[in-house]
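Visitor: I'd like to ask some things about the structure below.
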Amino acid sequence: MTVQALPYEHLGEALATDYFQIREQFTDEQWEHFLATRRFVDREVLPVINEYWEAAELPWPLMRRLAELGLLGEDIRGYGCPGMSPLTRGLINMELHRGDGSLGTFLGVQSGLAMKSIDLLGSDAQKERWLPAMARLEAIGAFALTEPGHGSDSVALETTARRDGGEWVLDGAKRWIGNGSIADVIVVWARSDGDGQVKGFLVEKDTPGFEATTMEGKGASRAIWQADIRLDDARVPEAARLPGAERFKDAGRVLITTRTTCAWGALGHAVAAYDAALTYSKQRQQFGKPLCSFQIVQDRLVKMLAEVTGMQLYCMQLARLEETGRLSDTIAGLAKLNNTRKARQVIAEARDLLGGNGVLLENHVIRHMGDIEVIHTYEGTETMQTLIVGRDITGVGAFA
């Protein structure tokens with residue numbers, strides 16, 4: 001595929017952030033996907049996203065554009081999905097988070113969690129029914145694993161699934177479920193009363209006994225809705241059970257991929273903050289000259305760039321390992337741990353460098369400062385990733 005020579009006003013900024021010239025490792029197709037998403041973010045997302053974020057409203061026009069741009073389904077092959085490479089998927093997630101964490105999270109829930117669960121663990125009939133519609137955004141999905149009493153300790157989930165003839169009866173509660181209150185189908189994880197194993201079920205929004213309530217009062221990722229979910233004698237047919245989801249480790253198969261996109265998303269937040277700080281330092285005049293002319297400001301900018309570049313190299317290796325089938329949950333966890341931690345540092349530096357202006361939404365940094373706290377927490381906190389990797393390298397588990 002030949003890259004189209006399209007005029008693009010922000011191309012120089014994109015290349016300036018690529019200090020170690022990793023762009024040379026992209027194929028033409030990957031580069032064009034990157035540019036197309038970057039144009040979308042710069043021309044359509046950034047001019048309007050602050051209003052949605054401040055009002056805690058869903059950016060429906062932008063969400064619909066994800067389908068029109070052919071991004072939903074990411075690396076899933078067939079069923080109207082784009083079948084991206086791991087690197088392409090990562091670049092898309094990086095750019096969307098550079099624009100806004102909520103929009104990136106919506107893609108992560110729709111594609112990386114809900115659609116990927118159906119693709120990896122579903123029957124042919126389930127795939128045919130849901131994946132094409134979800135790729136066109138004619139159906140919205142959610143992934144219900146986390147519970148009010150079980151965040152990091154998700155394997156101890158208490159939601160139950162009881163077999164009753166040709167049906168399963170689900171009872172329990174879920175919390176922090178992205179898209180939960182707007183989804184047409186929710187992947188619900190519950191423990192079977194038969195063998196005691198965790199299984200996955202496709203629960204449709206109009207199922208009697210299913211109730212989802214949008215959570216309010218969030219100070220981050222305000223342009224996506226999370227939900228509290230109640231399951232009270234909610235009945236689904238055997239055909240709604242994911243046949244490939246027979247134990248908790250099957251849920252983990254889905255989460256490995258989403259942890260890599262967390263690392264890419266954190267990189268996107270960091271790039272946005274670094275770009276904002278660099279641009280501001282060139283334009284802001286203090287003591288008769290631009291901020292960037294002061295030694296201490298240059299020192300801070302260079303250290304920010306060093307962190308961003310390191311995060312880029314982490315992500316590139318993640319993509320290589322996934323392409324060759326060598327990606328493990330511990331490698332994905334270490335990358336998520338590293339990149340979310342570094343992104344928090346870069347964004348904090350940018351916020352401080354902008355001074356009082358750094359807390360204004362119009363300069364975007366404060367929005368990323370809030371949103372990185374979400375990605376730092378979900379899909380396994382830094383503490384949990386540390387203990388999981390620690391167990392891997394020492395052979396000794398430091399938690400139950």
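The values are calculated or read from the model by the stated rules, or taken from the named source; none is laboratory data. This is a predicted model, so every value here is computed, not measured. Here the Cβ positions follow ideal geometry from the backbone for every residue, glycine too, while neighbour counts run over all protein chains shown. Quick note on the areas: whole protein, heavy atoms, side chains included, nothing else; ligands and nucleic acids left out. Shrake-Rupley method; radii C 1.70, N 1.55, O 1.52, S 1.80 Å.
Visitor: Using a probe of 1.4 angstrom, how much of the accessible area of region 124-224 is carbon and sulfur, in percent?
Guide: Roughly 44 percent of what the probe reaches on region 124-224 is carbon or sulfur.
Visitor: If I compute volume of the Cα convex hull per residue in Å³ from the structure I just sent, which labelled value in (i) 225; (ii) 143; (iii) 155 lines up?
Guide: Checking each listed value against the structure points to (ii).
Visitor: Rank by packing, highest mean first: peptides 172-181, 198-207, with packing defined as the count of other Cβ atoms within 10 Å averaged across residues.
Guide: 172-181, 198-207
Visitor: May I pose another question? Cα centroids of region 105-153 and region 365-400: how far apart, whole angstrom?
Guide: Taking the Cα centre of region 365-400 as reference, the centre of region 105-153 is 22 Å away.
Visitor: Can you name the helices of the chain, as whole DSSP H runs, whose Cα span along the helix axis is 30 Å or more and whose Kyte-Doolittle mean is not below 0.0?
Guide: Those that clear 30 Å and a mean of 0.0 are 248-283, 295-323.
Visitor: Still on this structure, please answer the following. Would you mind getting the accessible area per residue of the chain, heavy atoms of the protein chains only, 1.4 Å probe, in Å²?
Guide: 43 Å²
Visitor: In the chain, how many lysine pairs have Cα atoms under 25 Å apart, counting only pairs 8 or more places apart or on different chains?
Guide: 25
Visitor: Kindly rank 21-32, 311-322 from highest to lowest mean number of other beta carbons found within 10 Å of each residue.
Guide: Final packing ranking: 311-322, 21-32.
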